[in-house]
Each structure stands twice: as C-alpha cells, then as structure tokens.
1. Checking Gly140 against (1) surrounded by 21 or more Cβ atoms within 10 Å (Cβ to Cβ); (2) out of contact with any Ser or Thr (no Cβ under 8 Å at 6 or more places or on another chain), which single condition isn't satisfied?
2. Looking only at segment 61-74, which residues are open to solvent by less than 80 Å² (accessible area, probe 1.4 Å) and in contact with a Ser or Thr (Cβ under 7 Å, 6 or more places away or on another chain)?
3. Output the residue which, of all residues in segment 8-39 that are open to solvent by 100 Å² or more (accessible area, probe 1.4 Å), closer than 17 Å to Gln135 by Cβ and in a strand (DSSP E or B), is modelled with the highest pLDDT.
4. For segment 75-97, which positions are within 20 Å of the chain's Cα centre (by Cα) and open to solvent by 70 Å² or more (accessible area, probe 1.4 Å)?
5. Exactly one condition in (1) modelled with pLDDT under 90; (2) under 29 Å from Thr168 (Cα atoms) is not met by Ser47; state its number.
Amino acid sequence: MGTGSSTLMSGGTLRGSYAPPIRDDYQAPTLAKPKKLRVPLAKGKKSGDIVTVSIDGRKFNVTIPPNVTGPSFNYDYEGDVAKVIASTLPTIPGMDVIQAKPIIWGSVSHAYLTYKKAKDGQQLMQDAQTELLKQALEVGCNAVLGVNYSFTIDSSGDSGQNKMVVATCYGTPCIVTKLADLSVIHAEAVPVSFLNNF
C-alpha cells in the first residue's frame, strides 16, 4: 500500500441454475455491455482535454486522464449502466419480472493509512453498485432486485495504521418490463365434464 491509498473494484456471477423465462415471446432490451478500450491520443491533445470516442455506433465525450504520455490511453466504458434498475425490493411496482438469473455481486475495497482521509462510505456503496450493474449488463439483464449491501473494515496491519474498507453488494439480475408493454395472450376456456368418465 505504501504511503498513499488505493482502491480496487471487482464483480462477478455466482454459479447456479435459473428458471427459463416465463414468456417466450418477449424480446429483452438490448443494452450496451461494459468494455475496456484503448483510445488513441489525437495530435495536440493533452491531459484534461476532451476527445470524442465512437463506441458501438454512438459517440461519447471522454476527458483525457492526468499524466498521459503515450500515443493512447485506457478508457473503461461502463456501457448502459445508467439504464439498469437497482432495487432492494423483490419486484418493481408496475413491472413484471420476465426472467431471473443467478446471483451477481460487485465489490470495492479501499485501503488507506489512518492519518489519510478515507473514501466516503456513500461513494464506496455507489462504486460497488456500479460494479453490480455492470455484471447485470454482462448477463443480459436490465434490473437487479433484492439488492443487499455489506461493509467490512480491517485495521490489523501495521499496528492498526493500515486500514481497509470493503463494500460489497449483491442481488438477483432480472429482465423486467412494464406490464403495459407485454403482448396480450389469448386463451380459451373449454368446460370439461368429469362425470363422463364414470
């Protein structure tokens, strides 16, 4: 860890089976997945300048990070994270759950020295949730339901001088849609007499 602080983010899917979708006729929304990109540095551009990047046919403005010296820089594209619903509820009012998939998780750890300012707890929760939503995009879902958060604090290193805070959130990735968007299923009831069988 040295004399500064560091932050590490990760996420994944827990192995498990899941039920097939309840509606075969429903087309899940297409959302852009996260990507790691290498962005070329245009001539005359430097740290702090804004460049336009094209991803999957869409254009985005990206700020060149500090201390870029080479001909390109790394950019973590979050995909359509802002379009994924996160909720602690088991369902969303006015929406129907079409499919639920195995549990996903997102985690962020922040290590720092006690005399340095720690990262805000709310920011750690937000970073962990962003990782969770990225995992939802990876498995083709537009919502994560039943979201839970947990915090762990470890101050065992260097006689309590080194501290680490880990924020983790987990939930069930789902495909949800507004009830009004579902096509109507027509069914016909036919009365059957059980007396004819005796």
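The values are calculated or read from the model by the stated rules, or taken from the named source; none is laboratory data. As the structure is a computational prediction, the values presented were derived from the model and not from experiment. FYI the Cβ positions are ideal-geometry reconstructions off the backbone, even for glycines, and counts take in every protein chain you see. These accessible areas exclude ligands, DNA and RNA; they are computed on the full protein's heavy atoms, side chains included. Shrake-Rupley method; radii C 1.70, N 1.55, O 1.52, S 1.80 Å.
1. (1)
2. Ile64, Pro65, Val68
3. Lys36
4. Within segment 75-97, Asp76, Glu78, Ala82, Lys83, Thr88, Leu89, Pro90 qualify.
5. Evaluating Ser47 over (1) modelled with pLDDT under 90; (2) under 29 Å from Thr168 (Cα atoms) leaves (2) as the failure.
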